[in-house]
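The values are calculated or read from the model by the stated rules, or taken from the named source; none is laboratory data. All values reported here derive from a predicted model rather than from experimental measurement. With ideal geometry, Cβ positions are generated from the backbone for all residues, glycine too; neighbour counts draw on all protein chains shown.
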Amino acid sequence: MSLYLKQVEQLVALQMIDDEIMQLNTFLKSAPAEMERMESRLLELKETVAHLKETIAMIVTQRDQLDRDIEDTGMKIKKSKNKLMMVNNSKEHQAMMREIDNLEKTNRGREEEKISLLEELARQEETLAASQSELTALQQEISQKKKQINQKLQSAKARLETLQGLRAGAEEVVPKPILSRYQFIRARLSQPVVVSVGEGICKGCNISIPPQTYNVLQKGEQILSCPNCQRIIYWSEHFAKEEETEESKAAVA
Ligand SMILES: [Zn+2]
């Protein structure tokens with residue numbers, strides 16, 4: 001392979017390496033943010049669960065108080081009814097009857113209150129159960145994701161090191177001015193920035209390059225840029241022929 005072809009080949013390799021490095025760096029940056037989002041969701045859910053538990057405790061206290069009140073009043077009613085049998089005075093009898101009536105009314109009110117309280121308790125407990133199972137699922141998801149992300153981080157870091165090595169190898173082959181041009185356009189143009197030209201058309205911008213430039217390109221002596229989009233170009237046939245030769249060699253072997 002000529003030096004020119006080797007340089008182009010390494011430029012194409014450099015581009016692939018840089019693309020992968022870019023992807024890995026994006027992942028390395030986004031991973032901690034994703035973890036943070038999950039942790040804050042978890043915290044929110046924990047707060048919801050704590051709040052529900054407080055509400056339920058309050059309802060239970062109210063219910064217990066009602067139970068005690070109902071029982072106390074029930075005892076009073078019982079006592080009054082016992083006394084009632086021993087009273088002969090009709091005025092006193094009527095007064096006690098009214099009192100018993102009132103006490104019974106109070107307790108009926110409390111029973112009604114208790115029913116709606118128990119309904120509310122059931123609703124809150126249902127919500128709590130749902131939140132708790134969501135919390136458990138989320139905790140499992142987070143610990144799994146943490147493991148996955150840590151594994152990915154490790155392999156990404158290892159891969160980055162390999163790529164830096166490959167990159168250094170590619171950089172050695174490409175002449176410095178070409179390398180600077182590559183870096184300059186890579187930072188400014190959409191990828192890829194090293195593109196082939198087939199039948200006179202640049203794959204980067206899909207526009208024909210001038211015939212004179214195309215002729216020079218086909219000679220394969222110097223690295224050129226597309227006059228229209230500034231991307232580094234090479235003739236597609238140069239590499240198609242290389243592949244053919246490699247294939248025929250392989251066939252002979
Ligand atoms: Zn172009």
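General observations
- Subset tally (residues that are part of a loop (DSSP other than H, G, I, E, B), over 15 Å from R181 (Cα atoms) and more than 8 Å from the ligand (Cβ to nearest atom)) for the range 192-237: 5
- The criterion of being modelled with pLDDT under 95 and either surrounded by 15 or more Cβ atoms within 10 Å (Cβ to Cβ) or among the acidic types (D, E) (or both) does not hold for E126.
- Candidates Q212, Q144, filtered to the one that is modelled with pLDDT of 95 or more and polar (S, T, N, Q): Q212
- Residue in the range 230-241 that is of a type in the set (G, A, S) and on the phi > 0 side of the Ramachandran plot present: no
- Flag if L160 is of a type in the set (A, V, I, L, M, F, W, C), in contact (Cβ under 8 Å) with a residue 24 or more places away in the chain, on the phi < 0 side of the Ramachandran plot and more than 16 Å from the ligand (Cβ to nearest atom): yes
- Among the residues of the range 51-86, those that are surrounded by 15 or more Cβ atoms within 10 Å (Cβ to Cβ), over 45 Å from the mean Cα position of the chain (by Cα) and of a type in the set (A, V, I, L, M, F, W, C) comprise L66, I70, I77.
- Among the numbered conditions (1) within 11 Å of the ligand (Cβ to nearest atom); (2) at pLDDT below 95, the only one that A240 does not meet is (1).
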